[in-house]
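The values are calculated or read from the model by the stated rules, or taken from the named source; none is laboratory data. Please read these numbers as outputs of a predicted model, since none were measured by experiment. As a convention, Cβ positions derive from the backbone with ideal geometry for all residues, glycine included, and neighbour counts pool all protein chains shown. Accessible surface is based on the protein model in full, side chains and every heavy atom, while ligands, DNA and RNA are left aside. Shrake-Rupley method; radii C 1.70, N 1.55, O 1.52, S 1.80 Å.
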Amino acid sequence: MKAYVDHDLCIGCGLCPSVCPEVFEMRDDGLSHVIVDTVPEGVEDTAKEAEEGCPVDAIKVE
Ligand code: F3S
């Protein structure tokens with residue numbers, strides 16, 4: 001499973017790293033970045049939760 005953040009859409013709300021810090025982190029550019037090549041086992045549900053919770057649908061987890 002892989003995670004992607006569309007930086008043209010992300011408004012830096014910070015939800016995804018707070019829901020799933022194993023996969024997402026906020027950087028100095030004010031946007032969320034994916035910090036893993038593959039979503040680790042055990043956090044797939046929270047990565048999906050971040051995808052569903054993003055207010056601008058900037059995240060894809062598949
Ligand atoms: Fe950006 Fe959505 Fe995360 S707006 S900070 S990708 S929840």
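If you take the alpha carbon atoms of the chain and fit the smallest convex hull around them, that volume is 67 Å³ per residue. Accessible area ranking (1.4 Å probe, heavy atoms, ligands and nucleic acids excluded), largest first, for SER18, SER32: SER18, SER32. For the chain, carbon and sulfur atoms together expose 47% of the accessible surface, with a 1.4 angstrom probe and every protein chain in place.
Normalised per residue, the accessible area of the chain is 61 Å², obtained with a 1.4 Å probe and no contribution from ligands, DNA or RNA. Can you tell me the orientation of helix 44-53 relative to the chain, as the angle in degrees between its alpha-carbon axis and the longest Cα principal axis, to the nearest 10? Between helix and principal axis, roughly 30 degrees.
Inter-label distance, SER18 to ILE35: 1.7 nm, where each label sits 7 Å from its Cα along the C-beta direction. Full extension of the chain between ASP8 and ASP28 yields a length gain of 5.6 nm, computed as 0.36 nm times the residue separation minus the alpha carbon distance.
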